[in-house]
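Visitor: Quick one: this structure, given as structure tokens, is what I'll be asking you about.
The values are calculated or read from the model by the stated rules, or taken from the named source; none is laboratory data. On a predicted model such as this, the values are computed, not experimentally measured, just so you know. For neighbour counting, all protein chains shown are included, and Cβ atoms are generated from backbone atoms with ideal geometry for every residue, glycine included.
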Amino acid sequence: MNKLSISLCSVALVVLSGCANMPAAKQVTAGNCNVPVSKEESVTLDLIEQQVAEKQYYSALAYLEKAPDSSPRVLRLRAEAQRNTGMLNEAYASYRNLSLSCMAAYGHAGMAKILATRGDIPQAHQQMLKARRLAPSDADIRNDYGFILLAHKDFKAAQREFMTALQLQPGHPVAIRNMVMSLILDGDSRTALRMAKNNGIPSEEFRELLSQANAFKQPTIAGSNIAKQGAPL
């Protein structure tokens with residue numbers, strides 16, 4: 001893994017919690033594509049959605065075994081559960097199929113997350129850019145694209161994405177922390193501290209963000225548990 005990919009994985013663990021993992025309710029309602037479903041299927045998918053929101057990914061996958069592959073909602077829930085249980089090849093295939101549906105933006109965003117995890121930052125950037133173009137007003141996608149730019153050390157462009165995310169969804173907790181991180185990396189720790197205080201980030205967490213900013217620059221953590229624990233974005 002190169003320096004950028006290692007940084008992306010390690011910082012994501014703290015400031016992104018899987019990088020802008022949206023609550024499942026938001027994920028699903030963002031693109032059901034008006035596909036009619038039976039009452040029984042709707043109840044089942046609501047249950048699976050709740051399980052994904054509560055990070056009960058293995059249970060969600062068990063219920064998804066009988067779910068129809070043709071449903072974009074099912075594809076997205078399955079992809080999220082697969083990615084969060086380390087089934088990256090399977091998740092990538094699910095996201096790719098999702099990218100061919102009416103929820104294409106989320107398919108491209110998901111592929112970008114997996115590509116970034118694997119260290120392929122250029123391709124992750126291209127996939128996330130596609131997602132951004134397809135869903136320019138989605139706060140989570142803008143935040144995730146900003147984080148890719150942060151990995152490329154394009155701090156000003158990243159900050160524009162984070163600010164866009166914050167205006168689209170005021171108080172977005174991940175975008176706020178990413179904005180603070182970008183300011184630290186951009187050499188403006190004073191503004192970063194002020195923003196952290198204004199948004200209720202405690203001093204201890206701010207110190208952790210400072211530490212993560214330093215780790216962002218270190219290529220020596222490739223084999224660390226931090227780099228292995230979870231997907232970015």
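Visitor: Residue by residue through the stretch 139-152, note down the ones that are surrounded by fewer than 24 Cβ atoms within 10 Å (Cβ to Cβ) and within 12 Å of the chain's Cα centre (by Cα).
Guide: Of everything in the stretch 139-152, just one residue is surrounded by fewer than 24 Cβ atoms within 10 Å (Cβ to Cβ) and within 12 Å of the chain's Cα centre (by Cα), namely Ala139.
Visitor: Being within 25 Å of Ala151 (Cα to Cα), of a type in the set (Lys, Arg), within 16 Å of the chain's Cα centre (by Cα) and in a helix (DSSP H, G or I) narrows it down to one residue among Arg78, Arg83; which is it? So that I can check it myself, show each step before the final result.
Guide: Working: Arg78 fails: within 25 Å of Ala151 (Cα to Cα).
Within the list Arg78, Arg83, the selection yields Arg83.
Visitor: Then there is this: Say whether the condition of being assigned to a helix (DSSP H, G or I) and more than 29 Å from Ser38 (Cα to Cα) is met by at least one residue in the stretch 56-65. Give the steps one after another, and end with the answer.
Guide: To start, the set of residues in the stretch 56-65 that are assigned to a helix (DSSP H, G or I) comprises 57-64.
When the remaining residues are screened for being more than 29 Å from Ser38 (Cα to Cα), the result is none.
For the stretch 56-65, residues assigned to a helix (DSSP H, G or I) and more than 29 Å from Ser38 (Cα to Cα): absent.
Visitor: Also, I was wondering about something else. Report yes if some residue within the stretch 147-156 is without any contact (Cβ under 8 Å) to a residue 40 or more places away in the chain, in a helix (DSSP H, G or I) and of a type in the set (Gly, Ala, Ser); otherwise report no.
Guide: The answer is no; no qualifying residue exists.
Visitor: For the list (1) assigned to a helix (DSSP H, G or I); (2) without any contact (Cβ under 8 Å) to a residue 24 or more places away in the chain; (3) under 22 Å from Arg132 (Cα atoms); (4) not small (Gly, Ala, Ser), I need the number of the one condition that Asp46 fails.
Guide: (3)
Visitor: As an exercise: evaluate Met103 against (1) under 29 Å from Asn199 (Cβ atoms); (2) touching a Gly at 6+ places or on another chain (Cβ under 6 Å); (3) among the hydrophobic types (A, V, I, L, M, F, W, C) and give the number of the one condition it does not meet.
Guide: (1)
Visitor: Output yes when any residue across the stretch 96-104 is touching a Phe, Trp or Tyr at 6+ places or on another chain (Cβ under 8 Å), more than 27 Å from Met163 (Cα to Cα) and of a type outside the set (Val, Ile, Thr), and no when none is.
Guide: Checked the stretch 96-104: at least one residue is touching a Phe, Trp or Tyr at 6+ places or on another chain (Cβ under 8 Å), more than 27 Å from Met163 (Cα to Cα) and of a type outside the set (Val, Ile, Thr).
Visitor: Taking the options Pro122, Pro173, name whichever one is within 14 Å of the chain's Cα centre (by Cα) and at pLDDT below 95. Spell out how you get there, then give the answer.
Guide: On the way: Pro122 fails: within 14 Å of the chain's Cα centre (by Cα).
Residue meeting the stated conditions: Pro173.
Visitor: Among the numbered criteria (1) farther than 18 Å from Asp138 by Cα; (2) at pLDDT below 90; (3) within 15 Å of the chain's Cα centre (by Cα), which one does Asn34 miss?
Guide: With respect to (1) farther than 18 Å from Asp138 by Cα; (2) at pLDDT below 90; (3) within 15 Å of the chain's Cα centre (by Cα), Asn34 is out only on (3).
Visitor: Cβ-Cβ distance below 8 Å, separation of 6 or more or different chains: which pairs start in the stretch 77-90 with a residue that is buried (at least 24 other Cβ atoms within 10 Å of the Cβ) and end on one that is of a type in the set (Lys, Arg)?
Guide: Qualifying pairs under 8 Å: Arg83/Lys113.
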